[in-house]
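The values are calculated or read from the model by the stated rules, or taken from the named source; none is laboratory data. Owing to the predicted nature of the structure, the values given are computational and were not obtained by experimental measurement. With ideal geometry, Cβ positions are generated from the backbone for all residues, glycine too; neighbour counts draw on all protein chains shown. Just so you know, the surface numbers come from the protein's heavy atoms only, side chains and all, with ligands and any DNA or RNA stripped out. Shrake-Rupley method; radii C 1.70, N 1.55, O 1.52, S 1.80 Å.
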There are 2 protein chains.
Amino acid sequence: MPSPPLIGVIGGMGPYAGLHLTRKIFEHTRAQADQEHLPVALLSLPNLPDRTAYLLGQDPVNPAGVLADVAARLDDLGAAVAGMACNTAHAPAIFDAIVDRLHRTGRSIRLLHLIEETARHTRTLLGAGARVGVLATLGTYRFRLYQEALQAAGLVPVVPDEPLQEPLVHRSIYDPQYGIKARSHPVSPMARQGLLSAIAHLQQHGARAIILGCTELPLAFPEPEVQGLPLIDPSDVLARALIRATCPERLRE
Amino acid sequence: MPSPPLIGVIGGMGPYAGLHLTRKIFEHTRAQADQEHLPVALLSLPNLPDRTAYLLGQDPVNPAGVLADVAARLDDLGAAVAGMACNTAHAPAIFDAIVDRLHRTGRSIRLLHLIEETARHTRTLLGAGARVGVLATLGTYRFRLYQEALQAAGLVPVVPDEPLQEPLVHRSIYDPQYGIKARSHPVSPMARQGLLSAIAHLQQHGARAIILGCTELPLAFPEPEVQGLPLIDPSDVLARALIRATCPERLRE
């Protein structure tokens with residue numbers, strides 16, 4: 001059997017998010033032996049300009065330039081498709097500029113869209129018109145990345161009210177004492193409790209599933225559901241989309 | 001500051017061993033922010049001929065050819081050094097042939113040696129003449145990969161007697177019912193018990209530390225020591241050697 005096309009992973013935002021997406025590709029592959037796994041290249045390059053700083057106007061340089069260069073290196077390696085392990089990099093101002101640059105330079109590598117894939121998957125899971133909760137960083141929240149994509153897919157996004165978003169969600173991720181970025185093995189009870197309160201709040205507002213819209217959040221929730229609500233890890237969805245794009249017959253049921 | 005040179009990881013043998021080595025590089029890097037991590041490229045290509053089958057004479061094709069091609073692709077990407085996440089690929093008949101081929105084709109990428117780095121590290125840890133236990137697959141055991149390297153480093157290797165190696169160690173890794181390759185989340189009590197018995201046996205024969213000489217074994221032993229004996233994960237040693245070779249000032253204490 002000829003080797004399936006190479007899957008590219010653009011990592012480094014942060015490094016563990018790139019590893020997490022790569023692991024998900026292996027976990028969702030139907031393979032009885034090492035030789036049945038799919039070819040994957042992970043480029044974890046840390047010198048990527050901060051995505052949030054650009055979107056907030058604090059840094060004039062669009063990270064799209066460097067990200068398109070990474071995608072071009074994956075294209076040189078022979079990758080047919082690639083995924084980026086970072087929610088914020090999927091803001092239209094960045095993502096569309098990457099795709100435009102790859103197109104203009106004649107690159108054939110296809111970049112899948114983490115957030116649009118997640119919205120489509122959620123629509124299939126819950127059906128049109130369903131209310132879907134989103135936990136994310138303040139950047140992803142304010143730039144409305146999940147809100148827009150869910151609406152475009154015919155769903156109703158439910159996010160925490162602004163006064164709750166910062167203390168319950170953002171701080172559970174970023175607090176230097178108890179946040180997941182500072183303490184992840186194990187996640188602190190305070191971070192998990194903040195997120196559980198946010199989930200209860202979203203459930204009260206009718207959410208029927210929760211999207212873990214920040215790559216740190218799955219560390220706090222290894223379980224598939226909480227309080228009866230399914231948890232959706234966008235890395236699972238993107239990993240499956242990457243396998244489907246290159247070797248659908250190896251996709252695990 | 002200019003970006004440090006790229007670190008290459010040759011994965012796919014199996015895919016999770018490549019991920020494990022990549023994670024160790026991140027864990028051993030002193031980094032307060034994503035941008036302070038080191039650039040790493042992981043190539044996880046599954047179409048690598050079986051290393052053990054070649055060494056046993058069951059397959060005439062030396063996997064060195066394909067492995068040298070993977071190293072050349074990492075060289076094209078700009079990697080200065082690379083590590084292979086597989087013990088058996090470090091048998092002289094394979095490793096030396098890769099290095100020879102890279103040399104003949106004018107490649108400058110430097111391939112570090114998992115087993116020699118581990119022997120040197122163990123010598124520093126325990127001092128000359130110390131007795132060191134080794135747990136490994138039957139292939140690594142019979143090809144004497146650790147035994148030779150430890151002796152060359154001035155240490156005394158201690159391996160299980162042949163009648164114990166197969167039931168206690170090899171089967172704990174490979175048994176289709178309870179082996180680590182079949183059940184790793186969590187590792188079965190039977191696999192762990194077999195390995196603990198092997199460690200007790202090595203301790204009775206004077207071992208002062210245990211080398212986990214198969215990439216599956218660290219899954220059974222997340223703890224740093226067992227029965228008072230330090231456990232040495234060669235992936236930790238190789239990750240540190242890769243950082244030292246490219247950016248020693250970022251090596252975590």
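Distance in whole Å from the A-onto-B rotation axis to the closest C-beta of chain A, together with the residue it belongs to, please.
Its Cβ sits closest to the axis: A:LEU42, 2.
Is any residue of segment A:33-70 close enough, with backbone N under 15 Å, to a label point placed 7 angstrom from the Cα of B:ARG250 along the Cα-Cβ axis, and if so, which?
Under 15 Å, as judged by backbone N against the label point of B:ARG250, lie A:43-49 of segment A:33-70.
Between segment A:161-224 and segment B:183-253, what is the C-alpha centre distance in whole Å?
Rounded to whole Å, the Cα centres lie 33 Å apart.
Which residue, B:VAL99, B:VAL226, B:VAL158, has the most motion in a Gaussian network model of chain B that connects Cα atoms within less than 10 Å?
Its mean-square fluctuation being the largest, the pick is B:VAL226.
Work out the mean other chain Cβ neighbour count within 10 Å for the residues of B:8-19 and drop it here as an integer.
For this peptide, the per-residue mean of nearby foreign Cβ atoms is 4.
Taking A:ARG110 in one copy and the same position in all the others, each labelled 7 Å out along Cα→Cβ, what are the pairwise distances from the first, in nm, shortest first?
Listed shortest first, these distances are 4.2 nm.
May I ask for the distance between the Cα centers of segment A:1-67 and segment A:93-145, given as a whole number of Å?
Here the two parts' Cα centres lie 15 Å apart.
Taking a point 7 Å out from Cα toward Cβ as the label site, list the nm distances between A:LEU56 and the same residue in every other copy, smallest first.
Sorted ascending, the copy-to-copy spacings read 5.8 nm.
Compute the label-point distances linking B:HIS185 to its equivalents in the other copies; points lie 7 Å from Cα along Cα→Cβ; give nm, one decimal, shortest first.
Ordered by increasing distance: 1.6 nm.
What whole-number value in Å² describes the accessible area per residue of chain A for a 1.4 Å probe?
For chain A, the solvent-accessible area averages 41 Å² per residue.
With a 1.4 Å probe, how much accessible area is buried between chains B and A, both sides summed, in Å² to the nearest hundred?
Summing both chains' loss of accessible area gives about 2700 Å².
So which aspartates and glutamates can A:LYS24 reach, going by Cα to Cα under 13 Å and dropping same-chain residues fewer than 8 places off?
Output for A:LYS24: A:ASP233, A:ASP236.
So if the hydrodynamic radius of chain B is defined as the Kirkwood radius over C-alpha pairs, what does Stokes-Einstein give as its diffusion coefficient at 25 °C and 0.890 mPa s, in µm² per second?
The diffusion coefficient I find is 132 µm²/s.
If r is the Cβ-Cβ distance from A:ALA182 to B:HIS185 and R0 is 25 Å, what FRET efficiency results, to the nearest 0.05?
The formula returns an efficiency of 0.45 here.
When you look at the Cβ of every residue in B:118-128, what mean number of other chain Cβ atoms sits within 10 Å?
0
Averaging over all projection directions, find the projected area of the Cα convex hull of the protein assembly as shown and quote it in nm² with one decimal place.
That works out to 24.6 nm², a quarter of the Cα hull's surface.
To the nearest 10 square angstrom, how much accessible area does B:ASP50 have with a 1.4 angstrom probe?
70
Can you compute the FRET efficiency between B:ASP76 and A:ARG30 using 1/(1 + (r/R0)^6), with r the Cβ-Cβ distance and R0 = 30 Å? Round to the nearest 0.05.
It comes to 0.45.
Using a 1.4 angstrom probe on heavy atoms only, work out the carbon and sulfur share of the accessible area of segment B:115-234 in %.
53
For segment B:115-234, count the residues as N, evaluate 2.2 N^0.38 Å, and divide the Cα radius of gyration by that value, please.
Relative to the rule-of-thumb radius for its length, segment B:115-234 sits at 0.98.
B:THR29 accessible area, nearest 10 Å², 1.4 Å probe?
Taking all protein chains as shown, B:THR29 has close to 0 Å².
At 1.4 Å probe size, with no ligands or nucleic acids counted, give the accessible surface of A:THR88 in Å², nearest ten.
We get 20 Å² for A:THR88.
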